[in-house]
Every structure is written in C-alpha cells, then in structure tokens.
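Derivation of every value follows stated rules applied to the coordinates shown; laboratory data play no part. None of these values were measured; they are calculated from a predicted model. A quick note on method: Cβ atoms are made from the backbone with ideal geometry, for glycine too, and the neighbour counts reach across all protein chains shown.
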Amino acid sequence: MPPLLAAQLLRTGALSPTRRPAPWDVPLSAPAPAASWGGAEHPAGLARETGPFSATAAAALATTWSIERAGGRKWAMNRLIVALRASSSATCRPASPAEASQAVLAVRRSAWHAPVRTACLEESAAATFLLATRRLSVVWCHGIAADPVRLHAWVQTVDGGLVAEPPSTLAYTPALTIGARHQHRL
C-alpha cells in the first residue's frame, strides 16, 4: 500500500495499525457518475418558465398522463408510441422552430403547476400532441447515451433542429423517432 494512502486511511479511521484495509475501505480515485434517465440533462420542472398559462398545453399534458396510466404499467410506453404515431399522421405541415419552441415552453409552464411527474418523456409527448392539435408536425425522439447509460426524450423540427433543448442533447443517439419525413406517406 502506498504510504500516502495508508496515512490517509489512518487519519480517517478506516485503518488501524492492527487491521489491514478491506477492499471497500480504499477510496476510489473518482466517484462513478450516477445513471440519469433524462432528468439530469434537462431539469424538467426545476426551472420555472415564464409566460401565460395555456389551457391547451395543460390538456395535452393531461392526455399524456392518461395514456400512460390507462392500462398496465408494462405497456405504458407502447400506448404512448401508438398515440404519438396516430397524432403525427394527422399533421399537414411542419412546425416552424418558433411554433415548436412556443409549444414546448407552454407545456413546461403548465407542468410547473402539475401534481404528477413531468419529465422529458411527458414534456416531449405533450408538446407533440399540442402541435398536432394545430396540425403541425415535429419529430419526437427517444434516445440513449452511454457511459453511464442515460435515456432522454425530446422534440426536434422536421429539418433536425433541437427545440428548447440544451446542447448536451446532441450526445444522445435517437433510438426511436416518430414524425420524421421518411415516415410520412407522400
């Protein structure tokens, strides 16, 4: 054992002169980062958005929550995917970056007052539903980043621009996209 490490262990009490250190007593050089399921990249509900309340955004959030809770928890994501596909198939034109951003921010403002969990999955789905009520399309993305494994859901414009997302979202690889141009029938 290196002398500096032994001295540190003696000072902290993890090592006594009569006891050898156990492997779990030896401090690691750096703590492993915690796994994130999307909340660490965008602190949904932690930053209050300013602006007027939107009843349609609240209705889109309520729709998202009811879809998630309508049946067994095991199938909640499947129900949400089916609903997102159905809503994106009814759109007529792509949403502009400004329209998409307004929808996402309206959902975030409404989520601030919600008594239930509202993270990236609920925000992005609700924003997609909100825009679909205006027959505007966006691309809903669900992606993954490795080391440590992180999941995140977000909305981007049809041309691929991120909507109201931090640059760290670019670290995610989309595993599922709904509403992309190649998925629409011409």
Next item on the list: Output the residue which, of all residues in segment 159-176 that are of a type in the set (Ser, Thr, Tyr) and surrounded by fewer than 16 Cβ atoms within 10 Å (Cβ to Cβ), is nearest to Cys120 (Cα to Cα).
Entry: Ser168
Check: Do we find a residue being farther than 19 Å from Ile67 by Cβ and surrounded by fewer than 16 Cβ atoms within 10 Å (Cβ to Cβ) anywhere in segment 117-128?
Finding: no
Note to self: Looking at the structure I just gave you, is Leu105 outside any helix (DSSP H, G or I) and either surrounded by fewer than 21 Cβ atoms within 10 Å (Cβ to Cβ) or under 13 Å from the mean Cα position of the chain (by Cα) (or both)?
What the structure shows: no
